[in-house]
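One structure below.
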Amino acid sequence: MLLLALATCFLACEDAEYQLDNLSDPLNLDLTPPAIFFHPSKFNRGVNDTFSVKLYSYDLPDVAGAHLQVLYDRGSLRVDSVITDTFFQIETNPLLFTDDVEGVLDVFLFSMPTQTVENVSGTDAMAQVYFNIISPGISELEYGDSTRIVNAQNNPVKINSYGKAVIDAQ
């Protein structure tokens, strides 16, 4: 009887088949690390809605600061606020400075080093931007040419891929 139960269990058990189709997963965004991208990368919202997007790192090596230049359609979107997220946090929140002029949002982030740690690495959210939708249409978020990531010695870190985001405002 025990042999019959074991045989039934063995024959009835199948390996699970997982469908790895999370569109926001860096592995599904056709990015070559080190990379930066927007999470999520697609939005369907209405006029007067507020939404947030995370400025995300993907497999960044030993970095201490960033100038993230976010280009957006100022006729469709308005920046409401920007807050730090966890990527540049060592023991305290990173320093954050922003400048928003005519569709160009400059986000400056700097980790606060300790006596033993001065760089961070990996995949995580660097900052979160809140936008208000002010008119209907399709617009994009993209990283501008001034975007730069540096290590603690202020040496640039090469970024291989830059993601985009699309907003469809009804």
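The values are calculated or read from the model by the stated rules, or taken from the named source; none is laboratory data. Keep in mind the model is a prediction, meaning the values are calculated, not measured. Note that each Cβ is placed from the backbone with ideal geometry, even for glycine, and that neighbours are counted across all protein chains shown.
Worth a mention:
- Near pairs, Cβ below 7 angstrom, 6+ apart or cross-chain, from the range 113-135 (among the acidic types (Asp, Glu)) to any residue that is surrounded by fewer than 22 Cβ atoms within 10 Å (Cβ to Cβ): Glu118/Ala152; Asp124/Thr86
- Within the range 139-152, one or more residues are among the charged types (D, E, K, R), part of a strand (DSSP E or B), in contact with a Pro (Cβ under 9 Å, 6 or more places away or on another chain) and surrounded by 13 or more Cβ atoms within 10 Å (Cβ to Cβ).
- Out of Thr84, Thr92, Thr50, Thr32, sole residue that is surrounded by fewer than 14 Cβ atoms within 10 Å (Cβ to Cβ), β-branched (Val, Ile, Thr) and under 22 Å from Asn154 (Cβ atoms): Thr92
- Condition check for Lys158: basic (Lys, Arg), in a strand (DSSP E or B) and in contact (Cβ under 8 Å) with a residue 24 or more places away in the chain: no
- Residue satisfying condition, being more than 12 Å from Leu68 (Cα to Cα) and either of a type in the set (Ser, Thr, Tyr) or touching an Asp or Glu at 6+ places or on another chain (Cβ under 9 Å) (or both), within set Tyr130, Tyr143: Tyr130
- Looking only at the range 80-95, residues that are at pLDDT 95 or above and under 30 Å from Glu118 (Cβ atoms) come to 11 in all.
- Hey, Val129 assigned to a strand (DSSP E or B) and of a type in the set (Val, Ile, Thr) or not: yes
- Test for Phe108: is it without any contact (Cβ under 8 Å) to a residue 40 or more places away in the chain and either touching a His at 6+ places or on another chain (Cβ under 7 Å) or not aliphatic (A, V, I, L, M) (or both): no
- Restricting the range 57-114 to residues that are assigned to a loop (DSSP other than H, G, I, E, B) and either among the polar types (S, T, N, Q) or in contact with a helix residue (DSSP H, G or I) (Cβ under 6 Å, 6 or more places away or on another chain) (or both), the residue that is farthest from Glu140 (Cα to Cα): Thr114
- Contact map, the range 21-50: first residue part of a strand (DSSP E or B), second residue modelled with pLDDT of 95 or more and of a type in the set (Asp, Glu), Cβ cut-off under 8 Å, separation 6 or more or different chains; pairs are Ala35/Asp59; Lys42/Asp168; Phe43/Asp168; Asn44/Asp168; Arg45/Asp168; Thr50/Asp80.
- When Ile159, Ile133 are checked against the criterion of being under 18 Å from the mean Cα position of the chain (by Cα) and surrounded by 15 or more Cβ atoms within 10 Å (Cβ to Cβ), Ile159 stands alone in meeting it.
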